[in-house]
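One structure below.
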Amino acid sequence: HELAPSALTCQSWLPTVRTVLYRRIHFNTISQRSAKLEPTLRTSTSIRSLIRHLVISHPESSKEYMLDWLTLLPENTLLSLNIERMPIVKRPLSLLKYPAIRTTPQITIGRSEFLHDEPSNLTMILSFPRLEGLSMLIKSVPLRFEGTLRLKRLSLGIMGDDSPQLLETLLHAVEPHCLNKIDLFLRNLKAEHVAWFTELLLPHLPNLKHF
């Protein structure tokens, strides 16, 4: 909030201030502030090119047009994407097909209800070609994933009853020696799962620096 007045005071500061102001954006499709920002993001190539970290809160499907500007972001632009909230609809999210979203290396998912009703959304996220970090708190999701993951960081909280199955699917998909950081919260992991869990982690232990 202090940077904008600085840019108005000294025009020579404008490029630097813009870089800082737009590097990290929290975009909420039902907020007045984002409604005022949306025309700028839709029409200004130079402003869009500054965005590196994006937080999206999109609770109402009727506001999907507010995210149309994301189609204009070129691939390999974003460094991180935090999906705080998405509408619960029984169809794949078009957002996950946009070039800049598909090439984001770090994905954080806050409220994951949109994955429960449409598990293909999670499969789509896991297929992102540059995905290196994934953080999410999730309930049971029937996941079928046959690809390979090159995750370096995984932060996973599984609240459902089939946490072993979901964790096994994810860790089997990660290439050995890629993971160097893993944080897990598994509500229903029982004592009899300890040996299974240890074996599951073995391929990742050589490079694992944080667990």
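The values are calculated or read from the model by the stated rules, or taken from the named source; none is laboratory data. The structure presented is a predicted model; accordingly, all values stated were derived computationally and were not measured. Cβ: placed from backbone, ideal geometry, glycine included. Neighbour counts: every protein chain shown. All accessible areas refer to the heavy atoms of the entire protein, side chains included, with ligands and DNA or RNA removed. Shrake-Rupley method; radii C 1.70, N 1.55, O 1.52, S 1.80 Å.
For Met86, state whether it is at pLDDT below 95, of a type in the set (A, V, I, L, M, F, W, C) and touching a Pro at 6+ places or on another chain (Cβ under 9 Å).
The answer is yes for Met86.
Tell me the helices (runs of 4 or more DSSP H) entirely within the range 118-211 that contain at least 3 residues that are within 24 Å of Ala100 (Cβ to Cβ) and either modelled with pLDDT of 90 or more or small (Gly, Ala, Ser) (or both).
Fully inside the range 118-211 and qualifying: 120-126.
Just checking, does the range 89-107 include any residue being among the hydroxyl-bearing types (Ser, Thr, Tyr), under 18 Å from His26 (Cα atoms) and part of a strand (DSSP E or B)?
no
Going by what's in this entry, would Leu171 be described as of a type outside the set (Phe, Trp, Tyr), out of contact with any Lys or Arg (no Cβ under 7 Å at 6 or more places or on another chain) and surrounded by fewer than 19 Cβ atoms within 10 Å (Cβ to Cβ)?
Taking the combined requirement at face value, the residue does not satisfy it.
Does Leu202 satisfy the condition of being open to solvent by less than 70 Å² (accessible area, probe 1.4 Å) and either more than 28 Å from Ser94 (Cα to Cα) or free of Cβ contacts under 8 Å to residues at least 60 places away in the same chain (or both)?
Judged against the criteria, Leu202 is not a match.
Say we look at the range 185-196 and pick out the residues that are out of contact with any Asp or Glu (no Cβ under 9 Å at 6 or more places or on another chain) and open to solvent by less than 50 Å² (accessible area, probe 1.4 Å); which of these is farthest from Lys152 (Cα to Cα)?
The residue in question is His193.
Kindly indicate the residue of the range 43-64 that is farther than 19 Å from Val20 by Cα and in contact (Cβ under 8 Å) with a residue 24 or more places away in the chain and also surrounded by the most Cβ atoms within 10 Å (Cβ to Cβ) among those meeting that condition.
Among residues in the range 43-64 that are farther than 19 Å from Val20 by Cα and in contact (Cβ under 8 Å) with a residue 24 or more places away in the chain, the one surrounded by the most Cβ atoms within 10 Å (Cβ to Cβ) is His58.
Among the residues of the range 90-102, are any touching a strand residue (DSSP E or B) at 6+ places or on another chain (Cβ under 6 Å), open to solvent by 50 Å² or more (accessible area, probe 1.4 Å) and at pLDDT 90 or above?
Scanning the range 90-102, I find no residue that is touching a strand residue (DSSP E or B) at 6+ places or on another chain (Cβ under 6 Å), open to solvent by 50 Å² or more (accessible area, probe 1.4 Å) and at pLDDT 90 or above, so the answer is no.
Suppose the filter is in a helix (DSSP H, G or I) and either over 16 Å from the mean Cα position of the chain (by Cα) or surrounded by fewer than 17 Cβ atoms within 10 Å (Cβ to Cβ) (or both); does Arg111 pass it?
Considered against the rule, which asks whether it is in a helix (DSSP H, G or I) and either over 16 Å from the mean Cα position of the chain (by Cα) or surrounded by fewer than 17 Cβ atoms within 10 Å (Cβ to Cβ) (or both), Arg111 comes out as no.
Regarding Leu154, is this residue in contact with a Ser or Thr (Cβ under 9 Å, 6 or more places away or on another chain), within 22 Å of Glu84 (Cα to Cα) and open to solvent by 50 Å² or more (accessible area, probe 1.4 Å)?
Here the answer is no, as Leu154 does not meet what is asked.
Would you mention how many residues in the range 65-88 are in a loop (DSSP other than H, G, I, E, B) and either crowded, with 16+ Cβ neighbours inside 10 Å or in contact with a Phe, Trp or Tyr (Cβ under 8 Å, 6 or more places away or on another chain) (or both)?
Matching residues across the range 65-88 total 6.
Of all residues in the range 13-30 being of a type in the set (Val, Ile, Thr) and part of a helix (DSSP H, G or I), which is modelled with the lowest pLDDT?
Only one residue tops the list, namely Thr16.
From the list Pro74, Pro99, Pro87, Pro105, which one is closer than 25 Å to Lys36 by Cβ and under 16 Å from the mean Cα position of the chain (by Cα)?
Among Pro74, Pro99, Pro87, Pro105, only Pro87 is closer than 25 Å to Lys36 by Cβ and under 16 Å from the mean Cα position of the chain (by Cα).
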